[in-house]
1. Return yes or no: is Leu230 farther than 30 Å from Asp17 by Cα, over 25 Å from the mean Cα position of the chain (by Cα), buried (at least 18 other Cβ atoms within 10 Å of the Cβ) and among the aliphatic types (A, V, I, L, M)?
2. Kindly indicate which of Asp152, Asp92, Asp145 is more than 10 Å from ligand 1 (Cβ to nearest atom), surrounded by fewer than 17 Cβ atoms within 10 Å (Cβ to Cβ) and assigned to a helix (DSSP H, G or I).
3. The conditions are (1) within 10 Å of ligand 1 (Cβ to nearest atom); (2) modelled with pLDDT of 95 or more, and Gly160 fails exactly one of them. Which is it?
4. Check Gly175 against each of (1) in a loop (DSSP other than H, G, I, E, B); (2) on the phi > 0 side of the Ramachandran plot; (3) away from ligand 1 (no atom under 14 Å from the Cβ) and name the one condition it does not meet.
5. Could you go through segment 77-86 and let me know if any residue there is small (Gly, Ala, Ser), surrounded by 14 or more Cβ atoms within 10 Å (Cβ to Cβ), modelled with pLDDT under 95 and more than 16 Å from the chain's Cα centre (by Cα).
6. Of all residues being free of Cβ contacts under 8 Å to residues at least 60 places away in the same chain and closer than 15 Å to Lys201 by Cα in segment 9-23, which is surrounded by the fewest Cβ atoms within 10 Å (Cβ to Cβ)? Just the residue, please.
7. For Arg127, only one of the following conditions fails: (1) over 24 Å from Leu202 (Cα atoms); (2) surrounded by fewer than 22 Cβ atoms within 10 Å (Cβ to Cβ); (3) under 11 Å from the mean Cα position of the chain (by Cα). What is its number?
8. Can you tell me which of (1) within 16 Å of ligand 2 (Cβ to nearest atom); (2) without any contact (Cβ under 8 Å) to a residue 40 or more places away in the chain; (3) not β-branched (Val, Ile, Thr) is the one Glu277 doesn't meet?
Amino acid sequence: MPRGRVIKNYNGYYYVDPGSGGAVECRRRGKMKEKILVGDMVEFTATGAQKGVIEKTEPRKNSLRRPAVANIDAMFIVMAAAAPDPSRFLIDQMLMTCEYDGIHPSLCFNKCDLDKPLAEEYAAFYRRCGYAAYPVSACTGEGIDSLKALLDGKVTAFAGPSGVGKSSLLMRIIGRELAVGKVSDKIGRGRHTTRHSEIMKLREHTYVIDTPGFSALDFTHLKEKEITSLMPDLAKYSGHCRFSSCLHRSEPDCSVKQALAAGKILRERYDTYCKIEDSIAERK
Ligand SMILES: Nc1nc2c(ncn2[C@@H]2O[C@H](COP(=O)(O)OP(=O)(O)OP(=O)(O)O)[C@@H](O)[C@H]2O)c(=O)[nH]1
Ligand SMILES: [Zn+2]
């Protein structure tokens, strides 16, 4: 049975990319119970020229909750070096949201043409926390080629707050390379149009996804212990405290506090942890 990747879900149709020959417009088999997400690998029966019926979805390796997309190989959180100014707390929350969905993201600091030293500083900071980070400029094209090289053979999602230049960046990346999908349509869409997650095919085996509506999780429903598990740089130390119930605040022999004092955990990251831990405690 032919298989392919769902690249778009629109008006009850699923558009499935079988790898070559263009997208196949599919309905789902009525008796199918499972939800079909953009990004899912599916098996389908061909029913006509570029038409088919999805019979089955294959197991997912991961999925984002909002927007619901499956099987992401890589994810970039896009922030601007300036205009709007980056907020470490927001960046941390977005990173943690990806980790919660089982995706270890990377970062792009766009608009590096506005403040190169700041973009570099932010990137260096997050590299120290264990995240790949790249200063780029959608305007001047700086850093775009190295970013493009990272996309090869993967499905890469881009997420970020409004105004950071995510659309401009995607436009730069996709440029003339686009093989499938109507990107000018997509990128040119007005601010008030509902945006769907849609996978854009750059070349064989290489796809990018815009993730409109991606926003930070509400962490207050998590257990305090889960918070460190979403921060790999803290998680590395959190299992070694004297008390297994340690919240890494004022407890004695806390290995997180020791790592903080030794500069192995960065102060701003610990501050994020405390801020979220406080919000959980307040909610109780
Ligand atoms: N200086 C500079 N400005 C940029 C760059 N990239 C984008 N911009 C500008 O930033 C503004 C926002 O860019 P968009 O691409 O619309 O940003 P977005 O993140 O897609 O925003 P939403 O559509 O609201 O999600 C526009 O005025 C762009 O011209 C860049 O690399 N440098
Ligand atoms: Zn501790």
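1. So Leu230 fails the test.
2. Criteria check complete, one pass: Asp145.
3. Every listed condition holds for Gly160 apart from (2).
4. Of everything listed in (1) in a loop (DSSP other than H, G, I, E, B); (2) on the phi > 0 side of the Ramachandran plot; (3) away from ligand 1 (no atom under 14 Å from the Cβ), Gly175 misses just condition (1).
5. no
6. Per the criteria, the residue is Gly21.
7. Arg127 satisfies every listed condition except (3).
8. The single condition Glu277 does not satisfy is (2).
The values are calculated or read from the model by the stated rules, or taken from the named source; none is laboratory data. As the structure is a computational prediction, the values presented were derived from the model and not from experiment. Neighbour counts are summed over all protein chains in view; Cβ atoms, including those assigned to glycine, are modelled from backbone coordinates with ideal geometry.
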